[in-house]
Amino acid sequence: MPLRVRLTLWYGTAMALFLAIFAVVLYTVMARSLKDQVDQSLEETATVAVRSLEQRGFLTLLDEEELLTQFPELARIDKFFQIFSPTGKITIRSPNIQRHDVPLSRTALEDAFTGKTTFESAKYPGEPPLRLVSVPILYRGSLVYIVQVGTSLESVEASLHRLLIMLLVTIPVALAVSLAGGWFLAGRALKPVDTITLAAQRIAAGDLTQRLTVPSSSDEIGRLAATFNDMIARLDASFRQIRQFSSDASHELRTPLTVMKGETELVLRRPRATEDYKMVLESNLEEIDRMSRIVEELLFLSRADLGEVKMERAPVRLEALVEDIQRQAGLLGQEHHVEVVLGTVQPATVLGDELRLRELLLNLVDNAVKYSKPGGKVEITLLREADEARLAIIDQGIGIAPAAQKLIFDRFYRTDEARAHTKKGTGLGLAICAWITEAHQGRIEVKSAIGEGSTFTVVLPLAPSAA
Ligand SMILES: Nc1ncnc2c1ncn2[C@@H]1O[C@H](COP(=O)(O)OP(=O)(O)O)[C@@H](O)[C@H]1O
Ligand SMILES: [Mg+2]
């Protein structure tokens, strides 16, 4: 069942229940208070009559005409009265009671002997019901008369009947109107959901460029649409990334293969001197090295993506690591005529995986040396600041254009300057660095100016005890 129908039904049921309870309560309260009013007015009239009769000594009662002139309060058109003797016989009765006898009931008579006032209703066929009050008049403890005042409940019945009709007419109308309103409102409230569903269907069909028009409101629907758009944008980005990634990977692997194939074919075209074969094989080995580096790095990254790379969390003394790396990189630098030196090194211990941190530093120092100009200098510093260790690798190399600084951490991304500078490189090193830093709850910052050099700063949280 559609949500709209369900909502409307729920709403309608609640409304109907509410209206029904309202009607029942209203009717009951109304009926009760109308009858109370009648009883009260009957009793008042009876009390006045009894008091007057008592004042007069209620000796002999004359005929009704005399009675009425003496007790004008009894002469009321909407009420009749009767005076009974203790035997229950009518002594006097008002002229407005003509249609038939209204005898005193047994209960009223019995109550009268115990001095109690009786309220009762009487019903004669074809007539509106009567309401009667019977008040005993006692003289020196014995029952002298019973005064009964009665009235027709016709107007009360009529009022209640009118009320009933009104309720029976207005309640269905109110229910219908509110159901229509509920239907309309539910439709309005659910319309954006339909829109979202349609868009989701288009997106599910493969069009990830689709976005929802987000309502400007910050209500549930607005938030849903915004969240949905966010999700699609992320999916879109990661699908793009995956496609880009596989195309880049194939491209990067194809280049060395093409080189190897070309050289091998060329050298096989005719018999060559041993030296030539050796040269080609050496060149091939270089390409094979490069390819296995790419494959290894790719393997690491995909295992990292899958969460399969284990990370130790042990205290690592960065100052010792830095000195070690400097020694190692010093040799590397010599090949490129680049000097690798230590700047300020303050002791700092972080929690992490020493092997991964070493890999991270080696990658950065390797980049710094690789992208330096001959005769350049690479400086490594380690500073402790508040609860952070700041490891900086500073070079005076080719630098990175501002626009590229965000992209260099992407897989396979290499700047044109870098490609022109050296063929060595896979474009995967910094992606691995970024992953390792993140796994250590740290971050990498880059400051660079083209042609002037770059500074890569790795910021890592200090181990708690050392902080
Ligand atoms: N120290 C640096 N100086 C200039 N450019 C750099 C430096 N480090 C990294 N880059 C740029 O970032 C790119 C990505 O680096 P990386 O992922 O390590 O790849 P690779 O070292 O294989 O080229 C490099 O190709 C280069 O364009
Ligand atoms: Mg690198």
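Side notes on the structure shown:
- Failed item in (1) on the phi > 0 side of the Ramachandran plot; (2) under 42 Å from the mean Cα position of the chain (by Cα), with residue 451 passing the rest: (2)
- Qualifying residue in segment 444-454 (condition: at pLDDT 95 or above, within 15 Å of ligand 1 (Cβ to nearest atom) and under 15 Å from residue 359 (Cα atoms)): yes
- Complete set of residues in segment 387-406 that are without any contact (Cβ under 8 Å) to a residue 24 or more places away in the chain and either part of a loop (DSSP other than H, G, I, E, B) or surrounded by 14 or more Cβ atoms within 10 Å (Cβ to Cβ) (or both): 404, 406
- So residue 320, is it within 16 Å of ligand 2 (Cβ to nearest atom), assigned by TED's automatic domain parsing to the domain that holds residue 410 and modelled with pLDDT of 95 or more: no
- The residue of segment 369-386 that is surrounded by the most Cβ atoms within 10 Å (Cβ to Cβ), among those that are assigned to a loop (DSSP other than H, G, I, E, B) and away from ligand 2 (no atom under 16 Å from the Cβ), is 376.
- Considering (1) surrounded by fewer than 12 Cβ atoms within 10 Å (Cβ to Cβ); (2) polar (S, T, N, Q); (3) not assigned by TED's automatic domain parsing to the domain that holds residue 40, the lone condition that residue 170 does not fulfil carries the number (1).
- Selected residue (only one of 401, 439 is over 40 Å from the mean Cα position of the chain (by Cα), more than 9 Å from ligand 1 (Cβ to nearest atom) and more than 19 Å from residue 326 (Cβ to Cβ)): 401
- Residue 305 passes every criterion in (1) under 48 Å from the mean Cα position of the chain (by Cα); (2) within 16 Å of ligand 2 (Cβ to nearest atom); (3) of a type in the set (D, E, K, R) apart from (2).
- Evaluation of residue 349 against the conditions (1) surrounded by 17 or more Cβ atoms within 10 Å (Cβ to Cβ); (2) polar (S, T, N, Q); (3) within 14 Å of ligand 2 (Cβ to nearest atom) shows that the sole unmet condition is (3).
- Residue 408 being in contact with a strand residue (DSSP E or B) (Cβ under 8 Å, 6 or more places away or on another chain) and closer than 21 Å to residue 252 by Cα: yes
- Qualifying residues in segment 417-435 (those that are among the charged types (D, E, K, R) and near ligand 1 (Cβ under 8 Å from one of its atoms)) - the one surrounded by the most Cβ atoms within 10 Å (Cβ to Cβ): 417
- Residue satisfying condition, being assigned to a helix (DSSP H, G or I) and closer than 22 Å to residue 426 by Cβ, within set 303, 327: 303
- Considering the conditions (1) in a loop (DSSP other than H, G, I, E, B); (2) over 24 Å from residue 254 (Cα atoms); (3) more than 9 Å from ligand 1 (Cβ to nearest atom), residue 362 is excluded by exactly one of them, (1).
- Residue count for segment 404-423, restricted to those that are in contact with a Leu (Cβ under 9 Å, 6 or more places away or on another chain) and more than 30 Å from residue 323 (Cβ to Cβ): 5
- Evaluation of residue 43 against (1) surrounded by 14 or more Cβ atoms within 10 Å (Cβ to Cβ); (2) at pLDDT below 80 (one fails), failing number: (2)
- In the set (1) more than 16 Å from ligand 2 (Cβ to nearest atom); (2) within 50 Å of the chain's Cα centre (by Cα); (3) in contact (Cβ under 8 Å) with a residue 24 or more places away in the chain, residue 344 fails one condition alone, (2).
- So residue 384, is it in the same structural domain as residue 324 (by TED's automatic domain parsing) and within 12 Å of residue 325 (Cβ to Cβ): no
- Applying the set (1) among the charged types (D, E, K, R); (2) part of a strand (DSSP E or B); (3) within 13 Å of ligand 2 (Cβ to nearest atom) to residue 414 leaves exactly one unmet item: (2).
- Residue that is of a type in the set (S, T, N, Q) and free of Cβ contacts under 8 Å to residues at least 12 places away in the same chain, where the choices are 118, 114: 114
- Number of the exception - residue 330 against (1) surrounded by 15 or more Cβ atoms within 10 Å (Cβ to Cβ); (2) in contact with a helix residue (DSSP H, G or I) (Cβ under 9 Å, 6 or more places away or on another chain): (2)
The values are calculated or read from the model by the stated rules, or taken from the named source; none is laboratory data. Quick caveat, the model's predicted, so the values are computed rather than measured. Here the Cβ is made from the backbone with ideal geometry for all residues, glycine too, and neighbour counts use every protein chain on show.
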